[in-house]
1. If you average the sequence gap of Cα pairs under 8 Å that are 6 or more apart and divide by the length of the range 6-200, what percent do you get for the contact order?
2. I'd like the distance between the alpha-carbon centres of the range 44-62 and the range 103-142, rounded to an integer number of Å.
3. At a temperature of 4 °C and a viscosity of 1.567 mPa s, determine how fast the range 6-200 diffuses translationally according to Stokes-Einstein, using the Kirkwood radius over alpha-carbon pairs as Rh; express D in µm²/s, rounded to the nearest whole number.
4. Using 1/(1 + (r/R0)^6) with R0 = 25 angstrom and r between the beta carbons of residue 195 and residue 125, what's the FRET efficiency to the nearest 0.05?
5. Got a sec? What order do 65, 118 fall in by accessible area at 1.4 Å, biggest, i.e. largest, first?
6. Among 183, 197, 116, which residue has its Cα positioned farthest towards the positive end of the charge dipole of the range 67-204, with +1 placed on the Cβ of Lys and Arg, -1 on the Cβ of Asp and Glu, and the dipole taken about the Cα centre?
7. To the nearest 20 Debye, how big is the dipole of the range 6-200 about its Cα centre, given +1 on the beta carbon of each Lys and Arg and -1 on that of each Asp and Glu?
8. Can you tell me the order of 185-195, 151-161 when each peptide is scored by its average per-residue count of other Cβ atoms within 10 angstrom, highest first?
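The values are calculated or read from the model by the stated rules, or taken from the named source; none is laboratory data. Fair warning: this is a prediction, and the values are worked out from it, not measured in the lab. With ideal geometry, Cβ positions are generated from the backbone for all residues, glycine too; neighbour counts draw on all protein chains shown. The accessibility values were calculated without ligands, DNA or RNA, using every heavy atom of the protein model including side chains. Shrake-Rupley method; radii C 1.70, N 1.55, O 1.52, S 1.80 Å.
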Amino acid sequence: MQWWTMETLGDSVSSNVPCIGEFMTDLSAIEASSSCVPALSAISRLMQVLQRSEFKANHAEWVNTVKPNLGPGIRERVQEAIASEDESAMEDLHAVRTEFKSALAVLLKDDGILAIPTVPGAPPKLRMDAALLEDFRAKAFSLLSIAGLLGFCQVSIPLGTRDGVSVSVSLLAGHGGDRFLVAVAQELYDALKAQAAAAWGLSA
């Protein structure tokens with residue numbers, strides 16, 4: 001079994017998905033300045049563009065007809081999706097997704113596991129500064145987009161509570177590797193919890 005880190009994945013994406021460079025240059029200031037792996041921030045941007053396009057195709061008529069009362073944050077993102085007009089690049093975006101899926105499949109093979117944080121940190125607080133909230137969202141999307149964009153399988157393993165906040169780690173395997181991933185998670189669960197407890201100076 002092989003293990004890969006976020007940095008390994010970022011290097012692999014940069015090297016084997018050359019089209020991703022265009023998205024890396026288009027990253028927002030928040031995305032570029034965050035602690036995300038740049039290639040994964042670009043993948044996150046790709047997923048969001050594809051999501052907006054698919055949302056508009058499937059739900060624009062309903063949104064314009066019903067005019068649902070959506071909460072702040074969600075309302076703005078829905079309006080942005082409905083207002084998007086550039087559909088000409090969708091074929092290119094799907095090609096980048098296919099390249100990324102192939103590159104990650106080659107990296108992981110049949111027995112590879114990618115270990116990533118489930119979330120970038122403690123949950124955002126109520127009335128958090130907008131810039132800090134956007135930074136958290138950018139980091140979160142860079143983690144959530146990998147399995148979501150590619151159709152790979154992912155499992156989150158709870159490790160315990162630290163300073164009142166639940167902590168977990170996520171393991172990813174290639175498309176169709178569900179049974180393999182669950183077996184690995186079951187095998188490692190006790191050991192991972194013990195290591196986390198030892199790191200925190202607690203009894204397992």
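1. 23 percent
2. A separation of 20 Å, based on Cα centres.
3. For these conditions, the coefficient is 70 µm²/s.
4. So, using R0 = 25 Å, E works out to roughly 0.30.
5. I get 65, 118, largest accessible area first.
6. The listed residue farthest towards the positive side: 197.
7. Dipole size: approximately 680 debye.
8. 151-161, 185-195
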